[in-house]
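Just below is one structure, and these are the notes that go with it.
We did not get these values from a lab; they are worked out from the coordinates using the rules stated. Source: prediction; values computed, not measured. Here Cβ is always computed from backbone atoms with ideal geometry, including for glycine, and neighbour counts include all displayed protein chains.
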Amino acid sequence: MTTKSNWLRAALVTAWTVAAGSLFAQPFGQWDFNGNLSATAGAVSAAPITYNDGPGGATATGTTFNTTANFGIPDIGGAPATVMSFPKVTASSEGYRMPVPSTPNGFTGAIDVNTWTLAMDVLFPAGSVDKARAILDIKEAIEAANADGAEIYIGTDNALTVRGSGAGSLAANTWYRIVIVCEYKDLTGDADQVVLTKYINGTRAGDPLTVNLSFPNDGYWALNTLNQYARLFTEVWNTPAAPRSEAGYISSLQLRTTALSPGQVAALGGPAATKIPLTIPPVPSFVESFAPAGGFAKPGSEIKFVLQSGDSTLSNFQVLLNGAAQTVNVSPQNPGQGAAVTVTVASPATSALTDYTAELKYTDSASGQKSFSIDFRVPLMFEDFEGLVLGPNVDEGLAGTAVYTPNPPPNWTVDQTNKDGTVPMYGVNPVDAVNGVTEFRGWTFLNREWWATTAGDQDRTQFVRGKGTVAVADPDEWDDKGDPESLGSFNSKLVTPAIDISAAGTGTAFLAFDSSTRTEEPQEIYITVSFNGGAQTEILRWTANPGPTLKADAPNERITLPLNNPAGATSVQVRFGMEKALNDWWWALDNIVVDAGPIPVSFTQHPASANVTIGNPVTFTAAVAGTAPFTYQWYKGTGVDRTAIPGATASSYTIASVATGDTGYYSVSVTNGAGTQNSNAALLFALNVATP
């Protein structure tokens with residue numbers, strides 16, 4: 001995140017003060033749309049929402065207040081409610097202004113409101129789904145870096161989206177309670193963090209977004225205390241453009257100047273005709289985190305559940321592993337109300353090539369027995385790099401205490417040469433103190449959020465499959481100190497130990513991993529394997545050159561490759577390499593698996609979007625790799641509206657004569673012995689083109 005020029009406004013804002021504790025119990029503002037835009041009694045602020053284009057503008061003209069019944073839309077939770085109908089706006093000057101506080105928070109010297117929680121109950125009709133819709137535009141591009149357009153919006157895939165990262169799915173004609181929590185974490189020293197978390201109906205949607213700061217500063221998620229408003233259901237673009245906007249309904253809107261906890265958001269729950277509670281209801285107990293968390297584990301890896309008691313007292317903890325009771329450790333042993341409780345199984349008897357379900361059971365004083373389960377598999381090899389000890393930054397300016405190490409996991413190696421071992425990477429041996437950024441000299445291991453932030457993002461934040469520590473080869477960042485590319489190329493291999501595959505049947509072993517890459521000439525990416533210590537065989541090569549090795553940018557994907565292990569192979573060694581790179585892009589890896597059995601479905605071709613004139617045919621096609629046989633089922637729609645198309649069970653789906661009602665999203669689910677995978681959704685738009 002780039003620092004904005006706070007000094008331009010410092011003289012206009014009073015010194016930062018901590019609000020009285022009593023105010024934290026109240027929302028700053030609440031608006032329940034009971035026939036008007038007025039604030040609801042009980043909130044700190046009595047300021048109304050206003051029309052961005054004034055009381056006589058297009059927004060006011062298109063705004064209507066009534067009941068769910070009179071609007072002909074679903075009631076909320078089965079009960080009628082007063083709601084507001086808001087229009088699709090066509091200009092950034094339209095929409096609404098939501099009041100925000102004039103008192104900053106987050107850190108000493110703050111200018112804006114850096115910590116806040118926004119909740120709203122909304123519904124979008126069928127005509128508004130599958131389209132991008134602005135929810136909240138906090139700042140304009142001239143006010144903060146990366147602030148162009150709405151910071152919070154619904155994407156064309158109907159996902160709740162912030163900074164390009166979407167999760168969940170908002171179906172048509174359905175009420176949802178959306179909650180956005182932005183928390184500024186004033187850490188020790190100058191290194192701070194901003195964490196933004198999305199929720200739908202009390203449940204977290206996707207992973208929190210974290211921005212690491214090298215020194216305290218107001219970011220573009222901070223509410224503007226100078227203007228004292230944020231734009232609602234509209235947005236402003238630096239290059240003038242129509243806002244992403246669609247019509248909808250809102251029942252209740254609440255803004256707080258504190259960061260609600262996951263338990264408090266869970267207590268708010270889903271939408272209600274009684275509106276969003278001014279006072280947070282009793283907080284239920286919930287599982288805050290668990291391990292294994294990524295679906296895979298190493299043999300004997302600890303099983304752990306971390307619970308928050310909320311307003312309950314918890315007892316009678318039990319963990320079952322595939323139905324068998326395990327010896328558990330509970331800390332603290334006698335947790336009281338509101339305690340954080342950790343339940344662990346230290347060394348479970350898990351073994352390779354086996355699937356497991358770990359079920360936690362406990363008693364909640366408020367709601368009785370509760371349970372929570374996780375499924376995971378122990379493959380032949382699994383590595384997520386979370387066991388590495390990270391140290392501080394070295395050359396990079398973004399400060400961090402646990403962000404980087406050049407040291408791979410035990411028995412792994414980093415070979416700083418090209419594929420054939422003939423061309424070393426420049427600036428590694430011997431080390432050149434002037435040329436080449438230390439944190440990016442060949443394969444290194446980095447905190448994912450720190451890497452994306454220090455590198456200026458450029459789509460690195462899209463690697464949401466990666467968690468915590470990831471392996472990174474980034475010649476783009478390597479070349480940012482001195483001029484190493486003028487002296488030599490970036491060549492580096494990440495090499496696994498010899499992996500025991502003696503239990504895998506001939507031809508059944510496969511490699512899978514989460515990958516993030518952007519390609520540019522002359523950078524080349526490859527993977528080689530060797531069996532029983534023999535010669536290397538290349539199983540993948542990605543380049544930016546037209547032809548069979550061309551790789552389009554793919555900042556967040558899961559790759560599965562057959563290893564084709566021959567008869568008699570008892571071990572395999574895998575090399576992940578980048579060679580010939582100069583100031584190009586990157587390759588990052590996480591959650592590397594070698595396993596055996598049916599190879600999971602992976603898409604080599606997703607269905608493509610199309611604009612087709614009414615009356616003409618269209619065909620959607622998917623191609624997959626993995627272990628045959630495959631079964632196919634095509635769907636129309638997304639999220640809960642995703643509906644199977646009768647008889648569409650081939651690798652392609654054809655509409656012989658496109659009609660207006662065929663407009664929408666199409667995708668296919670492909671199943672084999674390893675499970676089911678879904679393709680990306682393709683958008684079909686039926687064009688009504690008049691015949692001359």
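Could you work out the mean projected area of the convex hull around the alpha carbons of segment 32-126, in square nanometres to one decimal?
Projected over every direction and averaged, the Cα hull of segment 32-126 covers 8.2 nm².
Over segment 403-560, calculate the relative contact order: mean separation of alpha carbon pairs under 8 Å at least 6 apart, over the residue count, as a percent.
24
Which FRET efficiency value, to the nearest 0.05, do you get for THR357 and VAL328 by plugging their Cβ-Cβ distance into 1/(1 + (r/R0)^6) with R0 = 22 Å?
Calculated transfer efficiency: 0.90.
At a Förster radius of 25 Å, what calculated FRET efficiency corresponds to the Cβ-Cβ distance of ASN34 and GLN228, to the nearest 0.05?
0.60
In terms of the Cα gyration tensor, with a ≥ b ≥ c the square roots of its eigenvalues, is the chain rounded because a/c is under 1.5, prolate because a/b exceeds b/c, or oblate?
rounded
With N residues in segment 67-211, what two-decimal value do you get for its Cα radius of gyration over 2.2 N^0.38 Å?
Scaled against compact globular proteins, the figure is 1.15.
Is it possible to state the helix-based mean residue ellipticity at 222 nm for the chain, with each DSSP H run of 4+ residues giving -39500 (n - 2.57), the sum divided by total residues, to the nearest 500 deg cm²/dmol? What is it?
Computed mean residue ellipticity for the chain: -1000 deg cm²/dmol.
When Lys and Arg each count +1 and Asp and Glu each count -1, what net charge do the other residues less than 11 Å away from LYS88, Cβ to Cβ, add up to?
+1
If you place +1 on the Cβ of every Lys and Arg, -1 on the Cβ of every Asp and Glu, and leave all else neutral, what size is the dipole of the chain about its Cα centre, to the nearest 20 Debye?
Here the size comes out at about 1600 debye.
Can you give the relative contact order of the chain as a percent, counting alpha carbon pairs under 8 Å and 6+ residues apart?
Relative contact order for the chain comes out at 10 percent.
Assuming a ≥ b ≥ c are the square roots of the Cα gyration tensor eigenvalues, decide whether segment 602-687 counts as rounded (a/c under 1.5), prolate (otherwise, with a/b larger than b/c) or oblate.
Prolate is the answer for segment 602-687, as a/c is 1.5 or above and a/b outweighs b/c.
Using a 7 Å offset from Cα along Cα-Cβ at LEU687, what residues in segment 620-656 end up with backbone N under 18 Å from the label point?
620, 655-656
For segment 422-492 and segment 548-586, what is the separation of their Cα centres, given in Å?
For segment 422-492 versus segment 548-586, the Cα centre distance is 18 Å.
Let a ≥ b ≥ c be the square roots of the eigenvalues of the Cα gyration tensor of segment 286-378; is it rounded (a/c under 1.5), or, if not, prolate (a/b larger than b/c) or oblate?
The shape class here is prolate.
Out of the DSSP beta bridges found with both residues in the chain, what percent are antiparallel (nearest 5)?
Rounded to the nearest five, the antiparallel share is 95 percent.
What length, rounded to one decimal in nm, is gained on full extension from LYS298 through to GLU538, with 0.36 nm per residue of separation minus their alpha-carbon distance?
My answer for the length gained is 83.7 nm.
Over the Cα atoms of segment 26-268, what is the Rg over Rh ratio if Rh follows Kirkwood?
0.94
If the chain between THR203 and PHE372 were fully stretched, how many nm would it gain, using 0.36 nm times the residue separation less the Cα-Cα distance?
Computed gain between THR203 and PHE372 is 59.4 nm.
In whole angstrom, how far apart do the alpha carbon centroids of segment 195-222 and segment 72-117 sit?
Centre-to-centre distance over Cα atoms comes out at 17 Å.
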